[in-house]
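The numbers here are math on the coordinates, done by the rules we state, and not lab data. Source: prediction; values computed, not measured. Cβ placement follows ideal geometry from the backbone for every residue including glycine, while neighbour counts extend to all protein chains displayed.
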Ligand code: ZN
């Protein structure tokens, strides 16, 4: 499957994975794209916004409660596990758009969460933040300061954490190989990450069942799911 780059992998030390909803789909987590774009007839593109939250925090929290239950019950799949195992053979960093924590649960030690995390909550007004791994019983939960708490995730229209983003572009600009898995990278600014890698002459590989706007920029594209493809990728390093 990866014959075209087999000769080059001896020179590869730093690998950056950029992952999205597609890698968690086989763990039973909906992508909220295409036909999955609805929750109880609400358009999730509109639900995952600060406007929707202030309009109806109880509703948005009910959605997050359901997602929390689903995510906490899910297990990492072969794609997540293959990335984690690759740490034995190379310096691996994961830049993920997913909020589900499945990379960390699969054992990956260097994960930057571009869009935040489902376990984190923060106050809408003060600096309070926390991690909660159980269901939120009284939606919306309140902060000690009296204001409502929100999921610490990046909603549509909100900027990424500058700290996480700055680290991500530095890592992208230093890698020898970037694998973009389970994401069409249509969301800015994450879609600029391959450009930083390219400036370092990194090899770019896309693993996704469908064509994406980034496909023409890739050195190699593999049209299949991460769970099917990434174990082969890791075994190439294991055998080398
Ligand atoms: Zn507060």
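Using the Cα coordinates of the range 1-62, the gyration tensor eigenvalues translate into equivalent-ellipsoid semi-axes of 39, 14, 9 Å, sorted from longest to shortest. A Gaussian network model of the chain, with springs between Cα atoms under 10 Å, assigns the largest mean-square fluctuation among 158, 62, 113 to 158. Shape summary: the range 186-227 maps onto an equivalent ellipsoid whose semi-axes, from the alpha-carbon gyration tensor, are 18, 13, 8 Å in decreasing order. What's the FRET efficiency of residue 238 with residue 211 using the Cβ-Cβ distance as r and R₀ = 45 Å, to the nearest 0.05? Calculated transfer efficiency: 0.90.
Computed from Cα positions, the angle between helix 226-238 and the longest principal axis of the chain comes to roughly 40 degrees.
With contributions of -39500 (n - 2.57) from each DSSP H run of at least four residues, the per-residue ellipticity at 222 nm computed over the chain stands at -9000 deg cm²/dmol. Highest mobility in the GNM of the chain, judged by mean-square fluctuation with C-alpha springs under 10 Å and restricted to 162, 78, 25, is found for 162. What percentages, rounded to whole numbers, describe P(r) for the range 164-240 computed over all alpha carbon pairs with 5 Å bin width beginning at zero? Each 5 Å bin holds this share of Cα pairs: 3, 16, 25, 24, 20, 10, 2, 0.
Pair-distance distribution of the range 152-197: all C-alpha pairs, bin width 5 Å, starting at 0; shares per bin in whole percent are 5, 19, 29, 27, 16, 4, 1.
Round to the nearest 0.05 the FRET efficiency obtained for residue 62 and residue 223 when R0 = 35 Å and r is the Cβ-Cβ distance. After rounding to 0.05, the efficiency reads 0.40.
Between 0 and 90 degrees, the angle of helix 57-73 with respect to the longest Cα principal axis of the chain falls at about 40 degrees.
Over all Cα atoms in the chain, the spread is summed up by Rg and Dmax: 18.4, 60 Å. Largest GNM mean-square fluctuation among 220, 178, 45, using the chain with Cα springs under 10 Å: 45. As a ratio to 2.2 N^0.38 Å, the alpha-carbon radius of gyration for the range 1-114 is 1.29. Were the residues from residue 169 through residue 199 laid out at 0.36 nm apart, the gain over their Cα-Cα distance would be 9.7 nm. With the simple spin-label model, which puts each label point 7 Å out from Cα in the Cβ direction, the residue 126 to residue 33 separation comes to 4.0 nm.
When 18, 154 are arranged by Cβ crowding within 10 Å, least crowded first, meaning fewest neighbours, the order is 154, 18. Relative contact order, percent, of the chain when contacts are C-alpha pairs under 8 Å separated by at least 6 residues? RCO, the chain: 24 percent.
Taking the fewest neighbouring Cβ atoms within 10 Å as the starting point, the ordered list for 71, 83 is 71, 83. Put simply, the convex hull of the Cα atoms in the range 118-172 casts, on average, a shadow of 4.9 nm². Compute the angle between helix 162-172 and the longest alpha-carbon principal axis of the chain, please, reported from 0 to 90 degrees and rounded to the nearest 10. Once rounded, the angle reads 10 degrees.
Calculated translational diffusion coefficient of the range 55-189 (10 °C, 1.306 mPa s; Stokes-Einstein with Kirkwood radius over alpha-carbon pairs) equals 97 µm²/s.
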